[in-house]
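One structure below.
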Amino acid sequence: MPGSWDYVTLLLYLASLGLYVRFVYTGRRATGRWAAAALALGLLGHYLALLQRSHWVHSVPYDDLYGSLSLFGWLLGATYLGLELYYRQRSMGTFVVPCVLALYVAGTWPGQHLPATHLEQGPMFALHVTLSVLAYAAFALAFLLSAVYLLQHHYLRRRGATGWRCPAMWRFPPLEGLEKMSRGSVLVGLVSLVAGTGLGLAWEYETARHVSLADPKVLVTLLIVVLYGGYLRISRRAGWRGARASLVCALAFLLVIFSYAVVNLYLSGFHRYL
Amino acid sequence: MQIILIGLNHRTAPVALRERTAFSSEDAQRATAELRQAGGLEEAVILSTCNRSELYGVRHDTRGDSANLELFFADFHGLSRPQLDGCLYVHSDREAVDHLFRVAAGLDSQLLGEAEVLGQVREAYRRAADAGSTGPVLNRLFQAAIEAGRRVRAETELGTRPMSAASAGIKLAERVFGDLGGHSALLLGAGEVAEQAAEHLRQRKIKRLWIAARGRDRADALAARYEGASIPWDELPRALLQPDVLVASVSAEQPVVSRAMLAEAMRARNNRSLLLLDLGLPRNIDPAAADLYNLYLYDLDSLTEIVAQNRRAREREIPRAEAVVEGQVSKFEAWRAGRAGRDVLDDLRARLDARRRRLLESQGGALAGLAPEERAEVERLTGRLLDELLEEPADRLRRARTGRERMQLVETLRNLFGLDSEKER
C-alpha cells in the first residue's frame, strides 16, 4: 500500500521528467539544473518510501518482487545521477527518469505484498542482493546509453537532415561521450555483480556448507559477467569499437532481463537456501 | 534627456556605402569626442560592424532635430549629406532602445541570430566607456542590451543552430567527438571555404590542425594564420591516419580522396572514428566511402539541407526572442521613465525657483520696508508654496503605473512649462 512518501516521490519524479523533456527541447541550463534537483529530491523521497515500507512489512525492501523493483528503480536513478554529475551530461535524464518512474510505480502501486520468506539472512545476504540489484541498474543504464548511441549513430550515418529537425537531437551527449558513459556504467555493474556474487557464494557456504554452481542464477550471472567483460574488451578494439560494441552492450542487457525476471520468477526454487 | 540613434545597415545601404561609413576603433573614439566637445551629445557610443554603422547618443535638448548629427555622420566620412539620402535611419527614445536590443539579440542581423554581433556590441560599449564617452544613460542602455542579447541566446534556439555548411559540419563533428579541444583536423585545400572551416575549428580550440593543398605556399600561409602545420600534398594517404575531422574543399574534377585510400586509413587507424566534410563541388571524396565502418561522410547537399532546416527553425524562434527583447525594453524604459521623472521635477523646480527670485527682486521696493527677519519669512513662505505646488505632480509621476504613462506625464510637464525651450537652472 502506498505511503505518504510515495505520493511525494511520484510528484517529484513526474516533475523531474517534465523538466528533463523541457530541457532537451529548450536547452535552458537552469531547466536542466531544476530537473536534476527534482530527481535528487525524488530519490530522497523514494529512499524514505523504501524505509517506510521496510518498517511496515518488518523486512528488507527486496523481500518480494515489488520491493525489489522499487529498489532497482532507486539504484538506477542514483547511478544515473552520479554519472550525470560526473560527465556533466543532462539530456539522458529524458530516457532514464521514465524507467525509474515505471519501476517505482510497478514496485509501489500494486498494493500487494508477498509474505517475507527469509528474514534472518543477515547483512552479508543483504549486501549480496543490494550489490546485485545495483549491477542490474548499472547495466540498465548502459543499455539506455547504448540505445541512444545507436540511434544517434544511425542518424549521423544517414547524412541527410532527417532526425536533425528535432532540437533534442542536437543536445544528446556526443557518441564518444555516450561510449565513455556506457563503459563507466558497465564497469560499475561488473564490479558490483562480481562482488555481490562473491558475497552470495560466501553466504551460501556459510549457510549450507556447500557452494552450488548448478544454480541457474549463478550460471546466468557468470554468463553476464563474461558478456559485459567481453564488451569492455571489444569496445576499444579495432573493428568493434563504436556501434558494434554498443550493439553488444544493448543485447547483453537481454540476458540481464532474463536473469532478473525469468530466473527470479520461474527458476527461483533453485536459488533458495533456507 | 533624449536617446538618439542615427545609422545605416545592410538593409538600408549597399555594401560600398557601408564600407565607406565604417568606423575603425580610432575613428569611433575621435568621432564621439568631437560630438561631445561640440556640445551636440552628452554621451555617445559608436557601433560599427561589417553590416552596420550606428551612432547612439544622449542629449538634453529633446526638441532638437537630427539634421546636425546626419551632417556630422556624412562629413566625418567625407561624404555629402545627399549621398546618404534614403540610407540613414534615425530613431529616438523607445525606438532607439528597441533597435539596439534587437541588434544585440541578433534579430536585426543579416544572418538571423548570429552570435558575433553581441560581442561587437560589448566591445563598442567597452571602448566608449574606456574613452569616457558614456554616462549613466548609455551605460545602463548598453548593459541592458547585452543582457537582452545574452538572455535571447540562453533562452531561445535563435543562435544555437549552425547556419553555414562549414559550421553545420563542425557541429556534426561535435555530435561524434564532443568537445573538439582534444582532437585534430586536416583541411584539404587552402581557399576561402578552408579558411572558414579553420576559423570554426580554431574557435573550438582544436588541438592540432594540418593543412594540405596543391599550392604549398597557400597551405603555409593558412597554417601560419591559424597556428596549424602544412603538409605536402603527396603525403595525403599518410596524413589520413591522424585527424578526427577532415574538411575537403579542393577544386578538382575527380575525387581526391578515394574509397581505397580511406579503407586503408581506417584499417591503420584501428577504426577510430573519422568525420569527413566534403565541401567541394564537384565532390572531393568518393561517396562510396560512406559505407566504411565508423566513418561519417557529409557532402554539400546534406549539409545545405541541414542549414536550410536550421534557418527555418531559427525563424520559428523569432516570436520568443522578440518577447524576451520586449521584456528587457520595458524594464529599461521603466528605469528611463523614473530618471526622466526626477529630471523634469528638478528642471521644473529650478525654473519656478528662478521665477520666484526674479519676482522677489522685482518687488524690491515693496519689500524694502520689511525687517530682515520678515524678508526671510517671505522667502521661506514662497519657497514652501513652491514645494507644495510641486508635491502633486511629483506624486502623480510616482504613481504612474507604467513607464510609458510616466513618460507621457514627463512630456506633458515639459510642454506645459516650456522646459526644453529655455533652460533656467
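The values are calculated or read from the model by the stated rules, or taken from the named source; none is laboratory data. Quick caveat: nothing in here was measured; it's all calculated off a predicted structure. Glycine also receives a Cβ, built like all others from the backbone with ideal geometry; neighbour counts cover every protein chain displayed. Calculation scope for accessible area: heavy atoms of the full protein, side chains included, ligands and nucleic acids excluded. Shrake-Rupley method; radii C 1.70, N 1.55, O 1.52, S 1.80 Å.
Considering only region B:292-330, how many residues are within 8 Å of chain A (Cβ to nearest Cβ) and among the hydroxyl-bearing types (Ser, Thr, Tyr)?
Going through region B:292-330 one residue at a time, the tally reaches 4.
Which of the residues spanning region B:267-290 are outside any strand (DSSP E or B) and facing another protein chain (nearest Cβ under 9 Å)?
B:ARG267, B:ARG269, B:ASN270, B:ASN271, B:ARG272, B:SER273, B:ALA290
Select from region B:208-246 the residues that are touching a Ser or Thr at 6+ places or on another chain (Cβ under 8 Å) and among the small types (Gly, Ala, Ser) and write down the one among them that is surrounded by the most Cβ atoms within 10 Å (Cβ to Cβ).
That would be B:ALA212.
Could you pull out the residue among A:LEU175, A:LEU199 that is assigned by TED's automatic domain parsing to the domain that holds A:LEU134 and open to solvent by 40 Å² or more (accessible area, probe 1.4 Å)?
Answer to the selection: A:LEU199.
Got at least one residue in region A:130-148 being open to solvent by 40 Å² or more (accessible area, probe 1.4 Å), modelled with pLDDT under 90 and part of a loop (DSSP other than H, G, I, E, B)?
The answer is no, given that none of the residues of region A:130-148 is open to solvent by 40 Å² or more (accessible area, probe 1.4 Å), modelled with pLDDT under 90 and part of a loop (DSSP other than H, G, I, E, B).
Residue under question is A:GLY27, and the condition is that it be farther than 14 Å from A:LEU101 by Cβ, buried (at least 19 other Cβ atoms within 10 Å of the Cβ) and at pLDDT below 85; does it hold?
Answer is yes for this residue.
If you take the residues in region A:41-68 that are part of a helix (DSSP H, G or I) and more than 17 Å from A:TRP5 (Cα to Cα), which one is modelled with the highest pLDDT?
Of everything passing the filter in region A:41-68, A:SER68 is modelled with the highest pLDDT.
For region B:107-123, which positions are open to solvent by 50 Å² or more (accessible area, probe 1.4 Å) and not in a loop (DSSP other than H, G, I, E, B)?
Answer for region B:107-123, where residues must be open to solvent by 50 Å² or more (accessible area, probe 1.4 Å) and not in a loop (DSSP other than H, G, I, E, B): B:GLU116, B:GLN120, B:ARG122, B:GLU123.
Considering only region A:67-97, state which residues are open to solvent by 50 Å² or more (accessible area, probe 1.4 Å) and in contact with a helix residue (DSSP H, G or I) (Cβ under 6 Å, 6 or more places away or on another chain).
Listed by number, the residues that qualify are A:TRP74, A:TYR87, A:ARG90, A:PHE95.
Based on what the data block shows, is B:ALA173 closer than 30 Å to B:ARG336 by Cα and either of a type in the set (D, E, K, R) or within 14 Å of another protein chain (Cβ to nearest Cβ) (or both)?
no
Considering only region B:320-328, I want to know if a residue exists there that is closer than 30 Å to A:LEU156 by Cα, out of contact with any helix residue (DSSP H, G or I) (no Cβ under 6 Å at 6 or more places or on another chain) and in a helix (DSSP H, G or I).
Yes: one or more hits.
Can you tell me which condition B:SER249 does not meet? The list is (1) more than 20 Å from B:SER184 (Cα to Cα); (2) away from chain A (no Cβ under 14 Å); (3) hydroxyl-bearing (Ser, Thr, Tyr), and all the others hold.
Condition (1) is where B:SER249 drops out.
To keep it simple, each residue is scored yes or no on (1) crowded, with 18+ Cβ neighbours inside 10 Å; (2) of a type in the set (S, T, N, Q); (3) at pLDDT 90 or above.
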site	(1), (2), (3)
B:ASP93	no, no, no
B:ALA96	yes, no, yes
B:ALA105	yes, no, yes
B:TYR125	yes, no, yes
B:ASP130	no, no, yes
B:THR134	yes, yes, yes
B:GLU157	yes, no, no
B:ALA166	yes, no, no
B:ALA173	yes, no, yes
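Of the residues that make up region B:53-66, is at least one at pLDDT 90 or above, more than 30 Å from B:LEU345 (Cβ to Cβ) and open to solvent by 10 Å² or more (accessible area, probe 1.4 Å)?
Within region B:53-66 (the criterion being at pLDDT 90 or above, more than 30 Å from B:LEU345 (Cβ to Cβ) and open to solvent by 10 Å² or more (accessible area, probe 1.4 Å)), the answer is no, since none of the residues qualifies.
Hey, could you check region B:33-45 for residues that are in contact with a Lys or Arg (Cβ under 9 Å, 6 or more places away or on another chain) and under 13 Å from B:PHE76 (Cβ atoms) and say which is most open to solvent (accessible area, probe 1.4 Å)?
This residue is B:GLY40.
Yes/no per residue for (1) assigned to a helix (DSSP H, G or I); (2) of a type in the set (Val, Ile, Thr):
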site: B:GLU379; (1), (2): yes, no
site: B:ASP387; (1), (2): yes, no
site: B:LEU390; (1), (2): yes, no
site: B:ALA394; (1), (2): yes, no
site: B:LEU397; (1), (2): yes, no
site: B:ARG401; (1), (2): no, no
site: B:THR412; (1), (2): yes, yes
site: B:LEU419; (1), (2): no, no
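Can you name the condition, by its number, that A:THR207 falls short on among (1) of a type in the set (S, T, N, Q); (2) open to solvent by 50 Å² or more (accessible area, probe 1.4 Å); (3) within 16 Å of A:ALA245 (Cβ to Cβ)?
The single condition A:THR207 does not satisfy is (3).
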